[in-house]
Amino acid sequence: MELSGKDRYNPDLIPNLEASVDKQISGGSFDLSTNLVLLRMYQFFPDRTNSTVLVKVLVKALMQLPGTDFTQCAYLVPQRFQLEEPIANLLTLAQHAECMQFKEFWEVASKCKYLWESVPGFEQSIRDFALHAINLTFSQIRKQKLGEILSLEGGELDALVKDRAAKSGWKVTGDVIQLGGNELKSKLGKSSGSNVLDFAQYGPLLGM
Amino acid sequence: MSSMEHGGAGEAVPDLVKQFVVYFYRHIRERNIYEIYSMFDSSFQKLSDRYFKNQSWPTAESITEFVDNDHVFCLLYKEMYFRHMYAKLQPTLDQRIQSWETYCQLFGIILNRNVNMQLPNGWLWQMIDEFIYQFQSFCQYKAKLFQRTAGEIEQLKQCGEVWSPLAVLNYLQTFVDKSGIVAELQRDGGKSLAETEGYVESGKGGGSNVLKVLGYFARIGLLRVHCILGDYHGGLQAMEPLDLHNKQGLYTKVTLCHISTSYYTGFCYLMMRRYLDAIRVFNSGLSFIARIKQYHSRSSGYDQILQKMEQMYALLALAVALCPAGTKSLEENVHTSLREKHAEKIQRMTRSELSVFDELFTYACPKFITPSLPDYSNSGANTSSEAYKLQLKMFLTEISQQDQLPVLKQYLKLYTSISVSKLADLMGSEPEQLLTLLMRLKHKTSSSADTDFIVDVDASTGEETVQIGDIKMQKNYVEYYSNHILKLRAICQELTQPPRQQQSAQGGW
């Protein structure tokens, strides 16, 4: 949603801002700036807070991991909302995700699926985030570990591995998956920072 | 007692005050920027310290006869009158409301009529700064319902627009819009503005810097208001397209503005976990203060400069503890002072001591506000620290998520390759937990890139191993020594030169 400077401080636009959240959900996009304007309006007028919309915004923000969108939204949610369900649950989920405790994450998530009923792709986004972290950390991983992190097993897990094998060059050897496309490994061992002097720096040192 | 009661034209005005307003008014009419600023910054303080330590200045009504009943001048005087009252006395609710009305009248004139005045930029900055300060102060006043009388609460309920967050934000945004400053900054990146500093040459028959410069400063005001609301993204957004990399920008010409900009921008980055950016901004702010500090020891803002400096060092310590790789971008003098002030605390923070993070954050954070109306039905309520507690809690949550990571990093530095089970033993955890911890380390440091390792699994034995790259941070001795060689050379040169006095005595320079 395009907002001019003035629009950011106009409470009459609350309905438009709320409508924009639904548009983001159906269009599969996320607009942090617009959502923050809405949360700030709720912060100014707590009695005008629409908690359904508030939850939607936070769920969408959580889907932006590894971005910090969720935290940035939560800064604007008053404490008393944070202590109550369902926001408290979302904060717990965010905490587990940030800490890479995916086992615990999926446990909690299984109990509050209703929160993202109207937001398609929530679980997929979390899996994408987990895969992103896996790619940073592992060059190979046990298939069972992968399944645990993604909360996938059996056919679903096989399907994902097959898909990635085709797209990102994963290779399966027994129980171990070789994750392709990992450039970090080749960089290992090279030192960072250097004690090299630029040519231009020599002049002044020699008094020239 | 409200100012209206003891005010009025009958009040006796001390001669020195009379003289002060007469000259002040004349300088403003003559558009003498230098003299205006000197009277605003220095004379006003001196007179305040001498005659008005414990009482307010004479009311605007009582001085109006000495200044041709000039309406705009009286509003400017009133603005200073309330500024002094906020600094030295406890303003009552009536006075807070009157101060708001003064700003509304003054801003209304600046926004809607052509003001034919030139005011020093330093004053215009302090106008925006004070406006936000009084807003902040009003929010605190409102939040401490338990200190208010029943009458005050009744009056607060009627306040409506007075010091409301939206009204404050709208004033600032209106300055931005009406001044056309955005278009100008986009056109040339603020180059022409920096050259003229916004002043209009007097030869051209009038003209004014006031609206344009207020528009420019209002962006930094918006940054601050967003920041104390907890909207860090919005704060940085409101400042666009003001360019912090532009070392010549207008904001650099007004010391307090420059410092405020660095402080709030850096704080926003810190809360957005952009630690490297935060470190860069604090570094440039602090090295600026180190350069100019000595020239301001007599100015009215000196205490504020020192306070913001100490706060920025504390915030820098937080950022450096969270992202040690950032120290590389620190200038040497900033780095040295940081070590002198906070070396021990940084050590303790890298051992994940939450209490130190808490202490530094509490000392250095801005004064957060709760923008919503208080619950008037609960007259014993005190919600004044609610906003601060929320931001602190969120910050400490982030810190606690990084618990154990510094220790893990230390171990990784010792090996080039270590099995996961052995490393888990060293960390006193289970291998599965260790994998979680390794993933967390990657996630939390991915923006600063100061860890370099990868976990692999031997397909035949199933053994998991951490392969570690060289993550040792090499000290950059080259830069250190070359800087010192240059310094030494400069000193030697100065010593071998003939003394300066002799030269100037010969009629040189």
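The values are calculated or read from the model by the stated rules, or taken from the named source; none is laboratory data. Owing to the predicted nature of the structure, the values given are computational and were not obtained by experimental measurement. Using ideal geometry, Cβ is built from the backbone for each residue, glycine included, and neighbour counts are taken over all protein chains shown. Just so you know, the surface numbers come from the protein's heavy atoms only, side chains and all, with ligands and any DNA or RNA stripped out. Shrake-Rupley method; radii C 1.70, N 1.55, O 1.52, S 1.80 Å.
Here are a few things to note about the model shown:
- Distance between the pseudo-spin-label points of A:E123 and B:E65 (7 Å out from Cα toward the beta carbon): 8.4 nm.
- Of all DSSP bridge pairs formed entirely within the protein assembly as shown, close to 95 percent run antiparallel.
- Cα convex hull volume per residue for the range A:27-169 (Å³): 121
- Cα gyration tensor category, rounded, prolate or oblate, for the range B:1-112 with a/c compared to 1.5: rounded
- The range A:127-181 - Rg and Dmax from Cα coordinates, angstrom: 9.9, 25
- The angle between the Cα long axis of helix B:165-179 and the main principal axis of chain B comes to about 80°, on a 0 to 90 degree scale.
- Accessible area per residue in Å² at 1.4 Å probe, computed on the range B:404-470: 41
- Computed from protein heavy atoms with a 1.4 Å probe, the total accessible area buried between B and A is close to 5500 Å².
- Dividing the convex hull volume of the alpha-carbon atoms in the protein assembly as shown by its residue count gives 208 Å³ per residue.
- Tail weight of P(r) past 15 Å, computed on alpha-carbon pairs of the range B:329-370, percent: 54
- Angle between chain B longest axis and helix B:121-143 axis [Cα atoms, degrees, rounded to 10]: 80
- 3J(HN,Hα) from dihedral phi, the range B:144-152, Karplus parametrisation 6.51/-1.76/1.60, rounded to Hz, x for glycine, proline: 8, 4, 5, 8, 8, 7, 4, x, 5
- More than 15 angstrom apart: percent of Cα pairs within the range B:88-168: 63
- Atom-type composition of the exposed protein surface of the protein assembly as shown places 50 percent of the accessible area on carbon and sulfur (1.4 angstrom probe).
- At 0.890 mPa s and 25 °C, Stokes diffusion of the range B:404-470 via Kirkwood alpha-carbon radius, µm² per second: 204
- Span-like helix criteria (full DSSP H runs; alpha carbon extent of at least 24 Å along the helix axis; mean Kyte-Doolittle hydropathy of at least 1.6) are satisfied in chain A by no helix.
- Derived scalar couplings ³J(HN,Hα) [the range B:289-306; Karplus, 6.51 cos²θ - 1.76 cosθ + 1.60; whole Hz; x for Gly, Pro]: 4, 4, 6, 9, 3, 4, 7, 10, 5, 9, 7, 5, x, 4, 4, 5, 4, 5
- Which listed pairs, of A:K60/A:K111; A:K111/A:K171; B:K345/B:K367; B:K18/B:K142; A:K145/B:K393, have C-alpha distances above 30 Å, in listed order: A:K111/A:K171; B:K18/B:K142; A:K145/B:K393
- Taking only the Cα atoms of the range B:302-341, the radius of gyration and Dmax are 10.5, 33 Å.
- Backbone amide hydrogens, once placed in the peptide plane, bring A:Y75 within less than 5 Å of nothing, excluding anything fewer than 5 places away on its chain.
- Inter-probe distance in nm under a simple model that places probes 7 Å from Cα toward Cβ, at B:T196 and B:E479: 3.9
- Taking the DSSP bridge list for chain B and keeping only pairs wholly inside it, about 100 percent are antiparallel.
- Computed from backbone phi with θ = phi - 60° and the Karplus coefficients 6.51, -1.76 and 1.60, the 3J(HN,Hα) list for the range B:482-488 is 5, 4, 6, 4, 5, 4, 4 Hz; x is used for glycine and proline.
- Size of the range B:211-274 as Cα extents on the principal axes (Å, biggest first): 30, 22, 19
- On the principal axes of its alpha carbon atoms, chain B extends 97, 80, 43 Å, with the longest extent given first.
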